[in-house]
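Remarks on the structure that follows.
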């Protein structure tokens with residue numbers, strides 16, 4: 001009876017208080033070096049995976065972006081001996097991009113993303129979704145509640161077996177607890193982003209251990225979005 005009462009309280013809490021909080025704010029105060037690191041987490045992956053730009057050229061684009069950031073800081077501080085305005089820096093950036101021998105479509109998308117400030121937008125890898133209600137719950141109790149609520153659907157709708165479902169839910173519990181620990185780091189601390197990236201990368205490794213097909217994985221992750 002006691003166990004059932006605990007589960008009932010957790011289910012009630014999940015229903016009433018469930019929320020998904022974007023914990024990675026984008027303070028304007030990232031250093032040029034931190035912005036360069038963020039480029040590697042987000043924009044570089046986009047350039048490689050979506051625009052099919054080779055990694056070596058994506059790295060060069062990152063270096064150009066870093067160079068431009070430093071130049072603009074000098075413009076603001078009136079210490080730039082080469083460029084008088086940010087627009088002059090951007091004009092030089094365009095020349096550097098064109099020298100990379102990209103296709104017309106790649107270059108156009110790259111330029112459009114820079115003009116729309118998409119270079120600095122957060123991406124899933126640095127986005128922390130967490131639910132405060134999971135913070136104080138014991139791992140064993142949380143796992144028990146997740147299994148009661150999601151295990152059957154994972155088996156019937158995602159087509160995984162019982163062992164795979166248990167592995168997925170164990171990983172999900174780990175992620176939820178880890179996310180709440182990371183959420184305690186101030187959003188102005190870049191280590192919060194680093195820890196978030198580490199968490200997502202660890203989840204990728206955990207998913208690979210489950211040994212699912214791509215179709216099973218997609219269906220399972222879609223179901224587990226309910227946990228967020």
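Please treat every number below as a calculation from the coordinates, not as lab data. What you see is a predicted model, and the numbers here were worked out from it, not measured in a lab. All Cβ positions, glycine included, derive from the backbone under ideal geometry; neighbour counts span all protein chains shown.
The alpha carbons of region 148-205 occupy a box of 43, 21, 14 Å along the principal axes, longest dimension given first.
For residue 140 and residue 214, a Förster radius of 30 Å and the Cβ-Cβ distance give a FRET efficiency of 0.45, rounded to the nearest 0.05.
Each peptide in 82-90, 172-180 was scored by the mean count of other Cβ atoms within 10 Å over its residues; highest first, the order is 172-180, 82-90. Here region 43-121 is described by how far its Cα atoms reach on the three principal axes: 38, 24, 21 Å, from widest to narrowest.
For the chain, the percent of C-alpha pairs falling in each 5 Å distance bin, counted from 0 to the bin holding the largest distance, reads 1, 6, 12, 14, 14, 13, 11, 9, 7, 5, 4, 2, 1, 0, 0, 0.
With a cut-off of 11 Å on the backbone N, the residues of region 188-217 near the modelled label site 7 Å out from residue 34 along Cα-Cβ are 188-194.
Principal-axis analysis of the Cα atoms of the chain puts helix 104-115 at an angle of about 80° to the longest axis. Listed peptides 144-155, 216-227 appear in the order 144-155, 216-227 once ranked by packing, highest mean of other Cβ atoms within 10 Å at the front. Could you work out the percent of alpha carbon pairs in region 75-200 separated by over 21 Å, rounded to a whole number? In whole percent, the long-distance tail amounts to 64.
Listed by Cβ neighbour count within 10 Å, with the fewest neighbours leading, 109, 196, 79 appear as 79, 109, 196. Taking every C-alpha pair closer than 8 Å and separated by at least 6 residues, the mean separation divided by the residue count of the chain gives a relative contact order of 27 percent. To the nearest ten degrees, helix 214-224 and the longest principal axis of the Cα atoms of the chain are 70 degrees apart.
Spatially, region 89-112 and region 124-170 are offset by 44 Å when compared through their Cα centroids.
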